[in-house]
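Everything below concerns the one structure shown next.
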Amino acid sequence: MPDLFFCLERWQPDQMISTNAALKTRVCGFSGRTVDAWQLGSFASDWTAIVSQIPMETGWLEAGSQYRFCFWLNGGENSRGDETCMLEIFGDAWEDRLQFRLNRNHTKPLLEKNHWLLFAVPFTAPEAAEALNFRFVAAGAVCTIAGIPDMDMSACEALIPDSPDTTYSVRHNLWFPHGWEDEKYVPSEKLRKHKRSVKKKAIAVAAVTTICAVAAVAIRQHLKKKR
């Protein structure tokens, strides 16, 4: 299955969207080195999209053939769980587009390295007259997209991935100084422990209340008998 790669220079903001918040920037990539990337979206509900086209040419890109679209992604989630982070692929008919949700593990990445997710999204090229359209869409969260160094997927796939981190309920995001919305949500594991603790306390209080009520009834009955 041939690979197609995210090339920063071939992308631009979607001119059809007036709320676009997209910019080319330099960030710390998966390798720890500074890389060029597109950063798009905001933590408001405004929509942002960047678009690119690949010509439909025999031996390059053909309708009905299978490919993988490869890129690195950081972020794309918020603490509310209502964000959009999506890749769209379509030919002449946007209504028949392929949609790949890149948030909340809807589309599984190959691996995670230094908080970056490596994606190789498989798809079958739809019909198109002259070019196939690719579109990244974001709303409700900032996401950052970078290309594959030297377009070498074998080197990326050979990386030793990070160990799974379940401390936080959302992904790390370069947008924040410490990587997460520290002041806006509680890490998921701490939240679960807190809920368990509250539940245990509630059960204990309910048990004590019940015992006290039963004891009170027994005492009243005992006093009535004495009278």
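Where a ≥ b ≥ c are the square roots of the eigenvalues of the C-alpha gyration tensor, would you call the range 77-153 rounded, which needs a/c under 1.5, or, failing that, prolate if a/b is larger than b/c, or oblate?
On the way: a/c = 2.23, a/b = 1.31, b/c = 1.70.
Oblate.
Provide the per residue accessible area, probe 1.4 Å, for the range 81-144, rounded to a whole number of square angstrom. Each step should come with its number before you reach the end.
Numbers: 2740 Å² over 64 residues.
Spelled out: the 1.4 Å probe surface of the range 81-144, per residue, equals 43 Å².
From largest accessible area down, sort M153, M1; use a 1.4 Å probe on the protein chains. Let's see the in-between values first.
Details: M153 10, M1 125 Å².
From most accessible down to least: M1, M153.
Which parts of the range 22-39 would a label at L110 reach, counting a residue when its backbone N lies under 16 Å from a point 7 Å out along Cα-to-Cβ?
30-31
How about the range 10-60: which chymotrypsin sites (Phe, Trp or Tyr not before Pro) there lie in a loop by DSSP and see at most 12 other Cβ atoms within 10 Å? It would help to have the intermediate numbers written out before the result.
Numbers: sites: W11, F30, W38, F43, W47, W60; in loops: W11, F30, F43, W47, W60.
Those that pass, being in a loop and sparsely packed, are W60.
What dipole magnitude, in Debye to the nearest 20, does the range 1-83 give about its Cα centre under +1 on Lys/Arg Cβ and -1 on Asp/Glu Cβ? Before the final figure, lay out each step's value.
Values: 6 positive and 10 negative charges, 60 e Å.
With only Lys, Arg, Asp and Glu charged at Cβ, the dipole is about 280 debye.
Provide the solvent-accessible area of F123, counting protein heavy atoms only and rolling a 1.4 Å probe, rounded to the nearest 10 Å².
In the full protein context, F123 sits at about 10 Å².
Treating only the Cβ atoms of Lys and Arg (+1) and Asp and Glu (-1) as charged, compute the dipole magnitude of the range 1-150 about its Cα centre; round to the nearest 20 debye.
Numbers: 12 positive and 18 negative charges, 136 e Å.
Its charge dipole is roughly 660 debye.
Can you list residues whose amide H is under 5 Å from S169's amide H, if they're 5+ apart or on another chain and H is modeled 1.01 Å from N?
S188
May I ask you to order 173-179, 86-92 by the average number of other C-beta atoms within 10 Å around their residues, highest value first? Please list the in-between numbers first.
Values: 173-179: 14.7, 86-92: 18.9.
Averaged packing, sorted descending, gives the order 86-92, 173-179.
Subtracting the Cα-Cα distance from 0.36 nm times the residue separation, let me have the gained length for K24 to H178 in nm, one decimal. Walk me through the numbers before you get to the answer.
On the way: separation 154, 0.36 × 154 = 55.44 nm, distance 2.15 nm.
Going from the current span to full extension adds 53.3 nm.
Given points 7 Å out from each Cα along the Cα-Cβ axis, report the D162 to R101 separation in nanometres with one decimal.
For the pair D162/R101, the computed spacing is 2.2 nm.
For the range 1-72, just say rounded, prolate or oblate: build the C-alpha gyration tensor, square-root its eigenvalues into a ≥ b ≥ c, call rounded for a/c under 1.5, and beyond that prolate if a/b exceeds b/c, oblate if not.
Verdict is oblate for the range 1-72.
How would you classify the range 1-159 from its alpha-carbon gyration tensor, with a ≥ b ≥ c the square roots of the eigenvalues: rounded for a/c under 1.5, else prolate if a/b is greater than b/c, otherwise oblate?
Working: a/c = 1.60, a/b = 1.14, b/c = 1.40.
Judged from the Cα gyration tensor, the range 1-159 comes out oblate (a/c at least 1.5, b/c at or above a/b).
Could you give the length gained by full extension between S45 and M1, i.e. 0.36 nm per residue of separation minus their alpha carbon distance, to one decimal place? Present the calculation step by step, with values, prior to reporting the outcome.
Details: separation 44, 0.36 × 44 = 15.84 nm, distance 3.65 nm.
Stretched fully, the S45-M1 segment lengthens by 12.2 nm.
The values are calculated or read from the model by the stated rules, or taken from the named source; none is laboratory data. Only a predicted model underlies this, so the values are computations on that prediction, with no experimental measurement involved. We place every Cβ from the backbone using ideal geometry, glycine too, and count neighbours over all the protein chains shown. For the accessible areas, the whole protein counts, side chains as well, though only heavy atoms, and no ligand, DNA or RNA atoms are used. Shrake-Rupley method; radii C 1.70, N 1.55, O 1.52, S 1.80 Å.
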